[in-house]
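Asks: For reference, the structure I am asking about is given below.
Read the figures in this text as sums done on the coordinates, not as results from a lab. What you see is a predicted model, and the numbers here were worked out from it, not measured in a lab. Cβ atoms come from the backbone with ideal geometry, glycine included; neighbour counts cover every protein chain shown.
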Amino acid sequence: MTSIPDTSDYKTVGFSQTTITELMIPSYSNFGGKIHGGILLSLMDKVAYVCAAKHANNYCVTASIDTVDFLHPVEVGELVSLLASVNYVGNTSLVVGIRVISENIKNNSVKHTNTSYFTMVAKDENNRPAKVPGLILENRDQVRRFIEARRRKEIKQSYMQEVKQIQMPDNYEHCIELLHGERCLVAG
Ligand SMILES: CC(C)(COP(=O)(O)OP(=O)(O)OC[C@H]1O[C@@H](n2cnc3c(N)ncnc32)[C@H](O)[C@@H]1OP(=O)(O)O)[C@@H](O)C(=O)NCCC(=O)NCCS
């Protein structure tokens, strides 16, 4: 017989869905006149925090960020909107998916700037990881996002295992051979 989970400790995705919209002002721009990537990263961290803290009902910290590829530059004067929702929950961690779009209000064009995934960990009053509520999935997209997030987590774990196993050859001459074709000069 399968046990029925206590749904009082579960929340819908909609409960914590969060959107932040911000006008891109000149002080956010780089020497090329485009918006600094760091400004967008800071806004993404902010929206991830709000979304995660609402779901967890606790203070949260950013544990890791899964790929940030900026697809288009963002211009001064555009409105940037960051749409965040909880995609996945573990035990004390949760994954917030963030879609970033920028809107030119003069010509009504909208660009998809990037989609990234922030892993946030809830903390209790003693700064220890705290259990987060489960997630109620109400449609196919929410089910798909949960499964995709779980798969990304598995892939990251096996990637981290492989990275740990990277070893330098004992023989220095062999190391130098491995650099053949690279754009570096060994000076020492
Ligand atoms: C992230 C942090 C909370 C992990 O703490 P920890 O004591 O190692 O906790 P645990 O190993 O028990 O892991 C807790 C959860 O975090 C997850 N986690 C830990 N490190 C992670 C990482 N690098 N990426 C993704 N998830 C991670 C674990 O999988 C676990 O999830 P689960 O409970 O849902 O299974 C801790 O390292 C921390 O506080 N880091 C600093 C965070 C911070 O200050 N961020 C802002 C940057 S300025």
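Asks: If you take the beta carbon distance between L179 and Q17 as r and set R0 to 35 Å, what does 1/(1 + (r/R0)^6) give as a FRET efficiency, to the nearest 0.05?
Replies: Numbers: r = 49 Å, r/R0 = 1.40.
Efficiency computed from Cβ-Cβ geometry: 0.10.
Asks: Once Rh is set to the Kirkwood radius over Cα pairs, what Stokes-Einstein translational diffusion coefficient, in µm²/s, holds for segment 9-138 at a temperature of 37 °C and a viscosity of 0.692 mPa s? Kindly include the intermediate steps, with their values, before the conclusion.
Replies: Values: Rh = 15.3 Å.
Rounded to a whole number, D works out at 215 µm²/s.
Asks: Right, something else. What 222 nm value per residue comes from the helices of the chain, counting each DSSP H run with n ≥ 4 as -39,500 (n - 2.57) and dividing by all residues, nearest 500 deg cm²/dmol?
Replies: Values: 4 runs with 56 residues, N = 188.
Helix contribution divided over all residues of the chain: -9500 deg cm²/dmol.
Asks: I would also like to ask the following. Using the eigenvalues of the Cα gyration tensor, what equivalent ellipsoid semi-axes result for segment 3-54 when each is taken as the square root of five times the eigenvalue, whole Å, largest first?
Replies: Equivalent ellipsoid semi-axes, largest first: 37, 9, 7 Å.
Asks: N30 to D69: extension gain in nm, 0.36 nm per residue of separation minus the Cα-Cα distance?
Replies: Numbers: separation 39, 0.36 × 39 = 14.04 nm, distance 1.77 nm.
Length gained, N30 through D69: 12.3 nm.
Asks: In the structure displayed, which of K54/K123; K54/K131; K11/K156 lie more than 21 Å apart, Cα to Cα?
Replies: From the list (K54/K123; K54/K131; K11/K156), the Cα-Cα distance tops 21 Å for K11/K156.
Asks: Using a Förster distance of 35 angstrom, determine the FRET efficiency expected from the C-beta separation of K106 and D45, and round it to 0.05.
Replies: That pair, K106 with D45, gives E of 0.75.
Asks: Tell me the Kirkwood radius of segment 143-188: reciprocal of the mean inverse pair distance over distinct alpha-carbon atoms, in Å. All intermediate terms of the calculation are to be shown ahead of the outcome.
Replies: Values: mean 1/r = 0.0721 Å⁻¹.
Hydrodynamic radius (Kirkwood, Cα only) of segment 143-188 equals 13.9 Å.
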